[in-house]
Each structure stands twice: as C-alpha cells, then as structure tokens.
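See structure below.
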Amino acid sequence: MKKVVKFGGSSLASAEQFRKVGSIIKADPERRFVVPSAPGKRSRDDEKVTDMLYACYALAEEGSDFSEKLSAIRARYEEIIKGLSLKLSLDEEFQKIEENFRNKAGKDYAASRGEYLNGIVMAAYLKFPFIDAAEVIFFDEEGKFDDYKTDKVLSKRLEQMDAAVIPGFYGSMPDGSVKTFSRGGSDITGSIVSRAVHAEVYENWTDVSGFLIADPRIIPNPVGIDTITYKELRELSYMGAGVLHEDAIFPVRREGIPINIRNTNAPEDNGTWIVESTCQKSRFVITGIAGKKGFCSVNIEKDMMNAEIGFGRKVLQAFEDSGISFEHVPSGIDTMTVFVHQDEFMDKEQKVVSAIHRLARPDTIDIESDLALIAVVGRGMKSTRGTAGRIFSALAHANVNVKMIDQGSSELNIIIGVRNEDFEAAIRAIYNIFVLVQL
C-alpha cells in the first residue's frame, strides 16, 4: 500500500517542524511519496520564503542589487540544515539561482525555488531519492496543465521506486522553462502524484485538523467536519472555504482516492476525510457554511419574460461582452437577477445596463450593491424536510433580511443573499440553528 503525503509551508518552516514531519513519515511505512511546500512563516511576523523570492526577483528584474535578499533566503535554508545536523551544501544551487535571476529567468522560476530547495533538504533528511518536478510535471504551450503527458511520464518514473520526494507547486513548459500552479499549488502536485502511484490515500498535512463547519473568525471554536464529499467541498471552496486548493480534487477524484487533511502539530487527530461518496451520515443536517462579501445584484424585469425564447441568453451576453462572470442567476416569471462581483462590475455597470437594454429590451433594471452570498452545504439536506424553513426562521430571529435564496436541483446546497453588514450575524444564526442546538 502507498500513501502520498504533502506538507504545507507552516509544517516545514523550521528544523523543529521538519523533525515533526520526519516523525510522521517514519511512523507509517506506507508514507513513501512526499510532496513538500516552501518554508512558511515561523511566527506571525515572519515572512514566507515564496514571498521573499518574489521580492528578491523583483529587484533582479529591475536591475537592482538583490544579493542581500538572496542571502536572507539562503540563511533560512542553512538554519534548517544546521538544525537537522545535515551534511548538505546548497552553494551550487544558490549560484545557479543567482545566475538565473540575473538572466531574468521569470517570476515562475523564482517562486518555484522555494519548493525546489526544500525538496532537496527533505530528500537529504529522509534519505529518499529527489525528483525535480520540472522533469515529471508538464504544461502545454498555452500554460495549461498537461494531464496526459504528466501522468504518463510520472507514472513510469515512479513505477519502480519505493519512495521519493517531489517538490510541489511547479512543473515545466514545452521549452523547458519553469511554470507554476496558482498559489497553494503544492496541493495539486500531491494529488497528481497520488494518482500516478495509485495511492491508497492522499494525506495533506497542514496547520489545522481538517475542515471546520464555519469560519473560526466568525464562530468561536466551530465543530470540525469528519467526512465531506468532493461535491460538498467544491461548493464550500467556491464560497471561500480554505485549507485545500480546490483544483487538487480533480486528479484523485478520477481514481477514487480519498484525501485526508491532517494537522502536523496534532498528528493524533483524525482530521477530515474527503471522499467521492459515503454511507456515513453527517453529525448534523449541514456539512458546512461558507460565504463571501462584495456582490451586487442586477434585477431585470420584463412582462412575459418567461415566454420569450432566448431572453436569458441575451441578458448574460451583455455581461459576457464586458468580460464579467456571474455568480448566480435566480429568476421568477417576469424577473431575472444576476449576481456579480461588485469590484468587477462597478466600472462597467452603465455599459452593461445599456447592453441589456439593447439586447433584451427589459421594462426596468434595478441594481443593488453591498451584498453577501452564503452557501449552506450538506448531503444531509436531501433527506431532511424543512431545511430552508429553518434557515428563514433563524435569520428572521436574528433580524437578518434575506435578499435572495437559491437551491440547486441536487439539494446539496442553498445559496442565501444578505446585506454585507448582516453577513456575520447570518452565519452565526445558521450555525446556531443547525449545530449548537444539537450539541
């Protein structure tokens, strides 16, 4: 059996954290393929190595002296190496980095060096083989992840290996240049490696014990989530729930490989299991609550709208022509409302309004700003009557006015629109009615 283990930046920020990681890996012989991130913050006021690399390369790009910043990055690694009592020198690697910075190798190259160097340190510490991700993870000419080529090359490379360290976050373009995923992309690398080795489980180690039902900045000590499905996680991630990069789901989902979110600082915790499907019932009707502020609604009214073929397409074309994506489109018989990000929409609002009038000939258009959207997600809602009624009741008791409610046909989630100032109160009310009353 094989397990892929990915460790986040906070898990590898210092020699002390490295030792915790080493103990976790050695505690289970099935943990054989390791994906490290770049060193994160050692304290609240510290700086992540990736951010240090971006700042260092910015100086190089403008032709300024970057030696001091590069020395500070080097010191971070030397501190870890010394703390682990390793006989390892990164002199050659830093000479190469300095040369490539002077030759302006690109921001992606600069950012990727954090994971690359940490991978070398991790491989030396564990005595595992090191594989440069640029040799086994590929992007196409357009910069999109090349799924087929990567799986073919990586699977073949790892087929005969008992263990390996593959740094996260980056791969290579057809011309050999380094290309990174978006921030947090080491999660994706771990998922890609899991599929390539047909792992039993993909363990993603971070600084929290899995997912929480609600944001701890709003709900004090919220209850943790034991098991969540891929679909539920997608809904919550879309609405801002963090911990795991949302694109990390896709490679393992195709293979049916579960993801286990674990805490490096509390390895005894079971964390959260992310699975395709499960017969296990949720502790509560809902699995999680997440949301975002900063939306506005564009309400379009037209008599007999429902009888006009193509009306919705014409309205949405007005947004598309201005390069604006929509979030939700609840509708009635004679009304259609489009929710969009306010910061994207503000500078183009009159252009969009004019386009809607020209294309769809509505009776009236009304715009409302400063709205928040909240997703209440849970596989348990499908088999429970009155979920929407309980939400309305809870919000009414909290004096929160509901601007919109939209439920998907899968009955997996309910989206609620409220004013920005009611956002926190709404989440607390929903959490209280579904979670606190059952504790």
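The values are calculated or read from the model by the stated rules, or taken from the named source; none is laboratory data. On a predicted model such as this, the values are computed, not experimentally measured, just so you know. Here the Cβ is made from the backbone with ideal geometry for all residues, glycine too, and neighbour counts use every protein chain on show. Protein only, heavy atoms only, side chains kept; ligands, DNA and RNA dropped before computing areas. Shrake-Rupley method; radii C 1.70, N 1.55, O 1.52, S 1.80 Å.
Just from the alpha-carbon atoms, what are the Rg and Dmax of the stretch 334-399 in angstroms?
Reported Rg and Dmax, both Å: 17.2, 45.
With a 1.4 Å probe and all protein chains kept in place, how do E68, E16, E203, E349 rank by accessible area, largest first?
Numbers: E68 150, E16 110, E203 5, E349 60 Å².
Heavy-atom accessible area, descending, gives E68, E16, E349, E203.
Would you kindly work out the equivalent ellipsoid of the stretch 321-439 from its C-alpha gyration tensor and give its semi-axes, the square roots of five times the eigenvalues, largest first in whole Å? Walk me through the numbers before you get to the answer.
Details: eigenvalues 194, 50, 30 Å².
Computed over the stretch 321-439, the values are 31, 16, 12 Å.
Taking the Cα atoms only, what angle lies between the long axis of helix 147-158 and the longest principal axis of the chain, rounded to 10 degrees?
So the inclination is approximately 30 degrees.
Can you give the accessible area of H198 in Å² (nearest 10), computed on protein heavy atoms with a 1.4 Å probe?
Estimated to the nearest 10 Å², H198 gives 130 Å².
Would you mind checking the radius of gyration and Dmax of the stretch 139-257 based on alpha-carbon positions, in Å?
15.9, 50
Can you work out the accessible area per residue across the chain, with the rest of the protein chains kept in place, probe 1.4 Å, in square angstrom? Don't jump to the answer; show the numbers that get you there.
Values: 20510 Å² over 439 residues.
Here the residues of the chain average 47 Å² of exposed surface.
Distance between Cα centroids, the stretch 145-190 to the stretch 105-121: provide it in whole Å.
Between the Cα centres of the stretch 145-190 and the stretch 105-121 lies a distance of 13 Å.
How big is the stretch 187-266 by the Kirkwood estimate over distinct Cα pairs, in Å? Write down the numbers at each step before the final one.
Details: mean 1/r = 0.0760 Å⁻¹.
Final number for the Kirkwood radius of the stretch 187-266 is 13.2 Å.
Over the heavy atoms of T278, what accessible area does a 1.4 Å probe trace out, to the nearest 10 Å²?
Rounded to the nearest 10, the figure is 40 Å².
Just to verify a number: what accessible area does V400 come out at with the full protein assembly present, 1.4 Å probe, Å² rounded to tens?
For V400, solvent-accessible area is about 10 Å².
Starting from one equal scatterer on each C-alpha and no solvent at all, send me the Debye-based log10 I(q)/I(0) for the stretch 1-149 at q = 0.09, 0.11, 0.15, 0.21 Å⁻¹, two decimals.
Computed log10 I(q)/I(0) values: -0.30, -0.45, -0.83, -1.39.
Rg to Rh for the stretch 312-361: what is it, with Cα atoms only and Rh by Kirkwood?
Details: Rg = 10.3 Å, Rh = 11.0 Å.
Across the stretch 312-361, the Cα-based Rg/Rh ratio is 0.94.
Please tell me which of these pairs span more than 29 angstrom C-alpha to C-alpha: K152/K382; K26/K82; K26/K149; K3/K293?
Working: K152/K382 40 Å; K26/K82 21 Å; K26/K149 32 Å; K3/K293 38 Å.
Checking Cα-Cα distances, K152/K382; K26/K149; K3/K293 exceed 29 Å.
Within the chain, what percent of beta bridges assigned by DSSP are antiparallel, to the nearest 5?
Working: 40 of 62 bridges.
The antiparallel proportion sits near 65 percent.
Any idea how far apart S155 and N401 come out in nm if each label point goes 7 Å out from Cα toward Cβ?
It works out to 5.7 nm between the two label points.
Beyond 13 Å, what share of the Cα-Cα pairs of the stretch 376-439 remains, rounded to the nearest whole percent? All intermediate terms of the calculation are to be shown ahead of the outcome.
Numbers: 1244 of 2016 pairs.
The proportion of pairs with Cα distances above 13 Å equals 62 percent.
Tell me the volume per residue, in Å³, of the convex hull enclosing the alpha carbons of the stretch 32-103.
On the way: hull volume 8.8 nm³, N = 72.
It is 122 Å³ per residue.
Note down the Stokes-Einstein diffusion coefficient of the chain in µm²/s, whole number, using a Kirkwood radius over alpha carbon pairs, 20 °C, and 1.002 mPa s. Numbers along the way, then the final one.
On the way: Rh = 24.1 Å.
The Stokes-Einstein estimate is 89 µm²/s.
Relative to the first principal axis of the alpha-carbon coordinates of the chain, what is the inclination of helix 91-102, with its axis defined by its Cα atoms, in degrees from 0 to 90 and to the nearest 10?
Between helix and principal axis, roughly 50 degrees.
Can you give me the Cα centroid spacing of the stretch 349-427 and the stretch 260-274 in angstrom?
Result: 33 Å between the Cα centres.
Looking at the stretch 285-339 from every direction and averaging, what is the projected area of its Cα convex hull in nm²? Mind showing how you got there, number by number?
On the way: hull surface 21.6 nm².
Approximately 5.4 nm², given one-decimal rounding.
Mind ranking 30-37, 47-54, 326-333 by how tightly packed they are, going by the mean number of other C-beta atoms within 10 angstrom, highest first? Walk me through the intermediate numbers first.
On the way: 30-37: 25.1, 47-54: 19.4, 326-333: 14.4.
Per-residue Cβ counts within 10 Å, averaged per peptide and sorted highest first, yield 30-37, 47-54, 326-333.
Which whole-number percent gives the relative contact order of the chain, counting Cα pairs below 8 Å spaced six or more residues apart? Let's see the in-between values first.
Values: 850 pairs, mean separation 57.3, N = 439.
Result for the chain is 13 percent.
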